[in-house]
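K.L.:
Before anything else, here's the structure in question.
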Amino acid sequence: MIRTPFNRSVTVIDTGGKVGFLKPDWAQGPPKRHLPPVLNYLHSLGIARINTLCLSHQDADHVGDSGVLLSKMTVEQVVIPKGMENSRGFQSKVQPFLGRAKVTPVLAGQKIKNLPLEIVHPFVAGKGENHDSLTLWGKLGSDTFIFSGDLDQAGEKDIIATYPNLQATIAKLGHHGSKTASAEEYLKQIHVKIGVISAGKNNHYGHPNPETLTTLKKLDIQSLSTIEEGMISYRFTNRGFTNWRFVRRNYEKDPIH
């Protein structure tokens, strides 16, 4: 969630969601009522309206909770990578709950009103798969950020080839720290200083991958993972003051540089 000063805009990138694994009939219990953590968090801040909901691609762990969010909150616009509107994931998990929200399929370079970020991927229409991931870049406070969904290394290399001067001191690493993302040349060229990894503890896929962690160490990039830190927040003001907050440690005793 990105909230600019004085709530000029509220942007949410992906919603999270449950990834379903097939179970035999005897192992399936009654359906559980699920309220996504992002909804509770926004409500705790007194936020009832989202200006822009950005959905990076169609995977359930990124858009699975979109229906609840769209149903429980006022969402003005939904931004997706061009072509995702035709995918089964979008048509089943997002489209039935849109209400009055406007859907805008985008390509790199397209400008979106009330979105405090620039679109740097995709370059061609796709099917809303990992390699089509919507990638967003912007300056927040005194740092530059890039958010890349589950974008793979080929997509990362396309970005730096198209935007050779692009820099991002803080990167939300692609695909939860999987080795399919975080190409060494990509991280090096955009001058990443801090890599944020969003992954669940003891997750089914073994994210983050040791290969990715080795790359970060080689490039002297500090790693922040939700596995270790819990929820991570970055606070900034127009005067340049910034700080980090973590659920599981005291940032004042263990500062981020």
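The values are calculated or read from the model by the stated rules, or taken from the named source; none is laboratory data. Everything numeric in this text was worked out from a predicted model, so none of it was measured. Ideal geometry is used to build each Cβ from the backbone, glycine not excepted, and the neighbour counts take in all protein chains shown. Surface areas here come from the heavy atoms of the whole protein model, side chains and all, with no ligands, DNA or RNA. Shrake-Rupley method; radii C 1.70, N 1.55, O 1.52, S 1.80 Å.
K.L.:
Output yes when any residue across the stretch 81-89 is modelled with pLDDT under 95, farther than 18 Å from Leu39 by Cα and open to solvent by 80 Å² or more (accessible area, probe 1.4 Å), and no when none is.
P.N.:
Yes, the stretch 81-89 has at least one match.
K.L.:
Take the residues in the stretch 208-242 that are of a type in the set (A, V, I, L, M, F, W, C) and part of a helix (DSSP H, G or I); name whichever of them is surrounded by the most Cβ atoms within 10 Å (Cβ to Cβ). Break it down into steps so the answer makes sense when it comes.
P.N.:
Looking only at the stretch 208-242, we keep the residues that are of a type in the set (A, V, I, L, M, F, W, C), and these are 213, 216, 219, 221, 224, 227, 231-232, 236, 241.
Checking the rest, the ones that are also part of a helix (DSSP H, G or I) come to 213, 216, 227.
Details: Leu213: 18, Leu216: 22, Ile227: 18.
If we take residues in the stretch 208-242 being of a type in the set (A, V, I, L, M, F, W, C) and part of a helix (DSSP H, G or I), then Leu216 is surrounded by the most Cβ atoms within 10 Å (Cβ to Cβ).
K.L.:
Oh, and also: Would you confirm, using the coordinates I've provided, whether Thr180 is at pLDDT 95 or above, out of contact with any Cys (no Cβ under 7 Å at 6 or more places or on another chain), outside any loop (DSSP other than H, G, I, E, B) and β-branched (Val, Ile, Thr)? Before you say what the answer is, go through the steps one by one.
P.N.:
Numbers: at pLDDT 95 or above: yes; out of contact with any Cys (no Cβ under 7 Å at 6 or more places or on another chain): yes; outside any loop (DSSP other than H, G, I, E, B): no; β-branched (Val, Ile, Thr): yes.
Spelling it out, it is not the case that Thr180 is at pLDDT 95 or above, out of contact with any Cys (no Cβ under 7 Å at 6 or more places or on another chain), outside any loop (DSSP other than H, G, I, E, B) and β-branched (Val, Ile, Thr).
K.L.:
Now a separate question. If a residue has to be more than 19 Å from Phe246 (Cα to Cα) and surrounded by 18 or more Cβ atoms within 10 Å (Cβ to Cβ) to count, how many in the stretch 192-207 make the cut?
P.N.:
First, the residues of the stretch 192-207 that are more than 19 Å from Phe246 (Cα to Cα): 192, 202-207.
Of the ones still in play, those that are also surrounded by 18 or more Cβ atoms within 10 Å (Cβ to Cβ) are 192, 207.
Total satisfying the criteria: 2.
K.L.:
Another one. Here is a check on your reading of the model: is Ala48 touching a strand residue (DSSP E or B) at 6+ places or on another chain (Cβ under 7 Å) and at pLDDT below 95?
P.N.:
Working: touching a strand residue (DSSP E or B) at 6+ places or on another chain (Cβ under 7 Å): yes; at pLDDT below 95: yes.
Considered against the rule, which asks whether it is touching a strand residue (DSSP E or B) at 6+ places or on another chain (Cβ under 7 Å) and at pLDDT below 95, Ala48 comes out as yes.
K.L.:
Against the conditions (1) in a helix (DSSP H, G or I); (2) modelled with pLDDT of 95 or more; (3) among the aliphatic types (A, V, I, L, M), where does Leu151 fall short? Just the number, please.
P.N.:
Going through (1) in a helix (DSSP H, G or I); (2) modelled with pLDDT of 95 or more; (3) among the aliphatic types (A, V, I, L, M) one by one, Leu151 breaks only (1).
K.L.:
Output the residue which, of all residues in the stretch 131-148 that are outside any strand (DSSP E or B) and not acidic (Asp, Glu), is nearest to Gly195 (Cα to Cα). Steps first, please.
P.N.:
Initial filter on the stretch 131-148 (outside any strand (DSSP E or B)): 131-134, 141-142, 148.
When the remaining residues are screened for being not acidic (Asp, Glu), the result is 131, 133-134, 141-142, 148.
Values: His131: 20, Ser133: 18, Leu134: 18, Gly141: 17, Ser142: 16, Ser148: 12 Å.
The residue in question is Ser148.
K.L.:
I'd like to verify a number: residues in the stretch 48-71 that are open to solvent by 10 Å² or more (accessible area, probe 1.4 Å) and either among the hydroxyl-bearing types (Ser, Thr, Tyr) or over 28 Å from Asn203 (Cα atoms) (or both), how many?
P.N.:
4
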